[in-house]
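This report refers to the structure that appears directly beneath it.
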Amino acid sequence: MMKVADWEIKLGVILICITLTVYSLKFIILQNPGDTVNYIFNSLGFLPMNVLLVTVVLNKLLSIRSKKDKLDKLNMVIGTFFSEVGSGLMSELSSRDPAIDEIRKELVIKSDFSEADFERVRKNIKSHSFSVNISDIDIVSLENYLRGKRDFMMRLLENPVLLEHEDFTELLRAVFHLEEELQCRDDLTSLICTDSDHLTGDINRAYGKLVFQWLDYMSHLQERYPYLFSLMIRTNPFDLNASPVVK
């Protein structure tokens, strides 16, 4: 059962007292009980509409506001992830993708992109395999990189805000799993073929999820935070001409 706070009880009593006082003064000063009773019934007639307005319409507006606030907090967490882990990992993996040039042009985000443009990019790259050549990757350096980010990713997983975003949670889980797979092996320099193929699958899973989550994050920044969006464009790992220097 929902507990009513003391201040809510006090507020209710005060409002009722004010109402009774107003109607009493109206009755005493104007001395027109008929009009007073008529006014009371008119007010009661509109009470259901007032309840509808407060409980449905106003509650809906507050829910929308709350959802936007949660989305902002969530994307703040996502932005921290890309700053600390995601951008560097995505840059490394995409540079080992032999077919990256097939979609590179799509991933060069422009400052005037609309949501329709982002949706077009998502659609156009959906069929891309996001497959890397593991033999081209310095797998030991990759393991060291992810191991150094382990504590950071653990703290992200503990963040209750992430429960609101299944896609990002799946991305974080994929990256975390990759780190665990690499850490479990005693010697990453002499992988057998089957083990190499298994790790390739783990890497590609994380790689594909990274790119699509990055697009969603870029779309959010473009809509809400143009100054952050500007920096992300200038440091786009898919843009060979990208530079943080404003020209």
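The values are calculated or read from the model by the stated rules, or taken from the named source; none is laboratory data. Note that this is a predicted model, so its numbers are computed, not measured. Because the Cβ atoms are built from the backbone with ideal geometry, glycine has one as well, and the counts that use them run over all protein chains shown.
Among the candidates Arg65, Arg96, Arg147, which residue alone is closer than 29 Å to Leu221 by Cα, part of a helix (DSSP H, G or I) and touching a helix residue (DSSP H, G or I) at 6+ places or on another chain (Cβ under 8 Å)?
So the residue among Arg65, Arg96, Arg147 that is closer than 29 Å to Leu221 by Cα, part of a helix (DSSP H, G or I) and touching a helix residue (DSSP H, G or I) at 6+ places or on another chain (Cβ under 8 Å) is Arg147.
Out of all the residues in the range 157-182, which are of a type outside the set (A, V, I, L, M) and either exposed (fewer than 13 other Cβ atoms within 10 Å of the Cβ) or free of Cβ contacts under 8 Å to residues at least 40 places away in the same chain (or both)?
Result: Glu158, Pro160, Glu166, Asp167, Thr169, Glu170, Arg173, Phe176, His177, Glu179, Glu180, Glu181.
Do you know which residues across the range 204-247 are over 17 Å from His128 (Cβ atoms), over 19 Å from the mean Cα position of the chain (by Cα) and basic (Lys, Arg)?
Arg234, Lys247
Just checking, does the range 99-110 include any residue being loosely packed, with under 14 Cβ neighbours inside 10 Å and not in a helix (DSSP H, G or I)?
Yes, the range 99-110 has at least one match.
Quick grid of which residues meet (1) in a helix (DSSP H, G or I); (2) buried (at least 16 other Cβ atoms within 10 Å of the Cβ); (3) at pLDDT below 95:
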{"site": "Leu191", "(1), (2), (3)": "no, yes, yes"}
{"site": "Asp195", "(1), (2), (3)": "yes, no, yes"}
{"site": "Ile203", "(1), (2), (3)": "yes, yes, no"}
{"site": "Lys209", "(1), (2), (3)": "yes, yes, no"}
{"site": "His220", "(1), (2), (3)": "yes, yes, yes"}
{"site": "Pro237", "(1), (2), (3)": "no, yes, yes"}
{"site": "Leu240", "(1), (2), (3)": "no, no, yes"}
{"site": "Ser243", "(1), (2), (3)": "no, no, yes"}
{"site": "Lys247", "(1), (2), (3)": "no, no, yes"}
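Within the range 152-167, which residues are part of a helix (DSSP H, G or I) and closer than 16 Å to Gly86 by Cβ?
Scanning the range 152-167 gives Phe152, Met153, Met154, Arg155, Leu156, Leu157, Leu162, Asp167.
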